[in-house]
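First up is the structure itself, then whatever we jot down about it.
The values are calculated or read from the model by the stated rules, or taken from the named source; none is laboratory data. Remember, it's a predicted structure, so these values are computed and weren't measured experimentally. For neighbour counting, all protein chains shown are included, and Cβ atoms are generated from backbone atoms with ideal geometry for every residue, glycine included. Accessible surface areas use protein heavy atoms only, side chains included; no ligands, DNA or RNA. Shrake-Rupley method; radii C 1.70, N 1.55, O 1.52, S 1.80 Å.
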Amino acid sequence: MKKYMVILPLSAVSIFVSIPQGADAQIVVSQVLSETVGRVIRAIDLEVQRLQNQTIWLQNAQKALENQLSKLKLTEISDWSQKQQDLYKGYYDELWQVKSVITYYERIKNMTEKQANLVSQYNHAWALLKSDKHFSAEELKYMGSVYSGILQESVKNLDEILVVINSFKTQMSDAKRLELVDKAADRIDTNCSDLKQFNSQNQVLSIQRAKDENEVLSLKKYYGID
């Protein structure tokens, strides 16, 4: 029985996945990624909902203080207590921070959805390639290793996303957080591009090995190529 290990900071534990003899390791990795990415997306949705509720509360609190201030006479404004001024500033600062976090979460969710789409595209392409009689067992083994490499990189990308999510619980500057987000986004885009290019190369190779025009048309339909 083989073992594949994926380390996910989200749970702070190592997840060991048993792979039966003869099974495709990258398929198991894709399943782990799909499940984890799904959990991350759901967690982000819940957190954004909580932050949006917090935003509404802060906006209402600000409005109440503004209304209170507007009712004061000009001669009384200067006497507005320092406590109220500090409270207003506190609401404003917290509101700015919450909106900033929501913006980060929305971008992180977009990145995570790209990863989910990458895994979906891999599953679709690999299922078609394995059933294509134009490839030898050795060629499929090579393809599997390439796909495995791309998925391994996707695991690293997910790790980076989780680091950013956990950064909201620690002291990290916006500049550093933005740097992590940009780095992860670039890696995800690269992985998606690599996967798309590799899928296309394999499909073209299969079509080039077709014996006649009818087989070419059948293969194009098989792979969904216009």
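A few notes on this one:
- Accessible area (Å², per residue) of the range 153-226, counting only protein heavy atoms and a probe of 1.4 Å: 60
- Placing R0 at 45 angstrom, the Cβ-Cβ distance between Gln208 and Asp186 gives a FRET efficiency of 0.85 after rounding to 0.05.
- Label-point gap, in nm, between Thr103 and Ala61 - each point 7 angstrom along Cα→Cβ: 2.1
- Extension gain (nm, one decimal) between Val216 and Asp159, 0.36 nm per residue minus Cα-Cα: 16.4 nm
- Protection-proxy order for peptides 108-115, 183-190, each taking the mean of Cβ atoms within 10 Å per residue, highest first: 108-115, 183-190
- Extended-chain gain in nm, criterion 0.36 nm per residue less alpha-carbon gap, Ser34 and Trp96: 19.0 nm
- Here the spin labels are modelled as points 7 Å beyond Cα on the Cα-Cβ line, and at Gln152 and Phe168 they lie 3.2 nm apart.
- Checking the Cα-Cα distances for Lys99/Lys156; Lys114/Lys183; Lys114/Lys220; Lys89/Lys176 against a 18 Å cut-off, the pairs over it are Lys99/Lys156; Lys114/Lys220; Lys89/Lys176.
- Karplus-derived 3J(HN,Hα), 6.51/-1.76/1.60, for each residue of the range 30-45, Hz, glycine and proline x: 5, 5, 4, 4, 4, 5, 5, 4, x, 5, 5, 4, 5, 5, 5, 4
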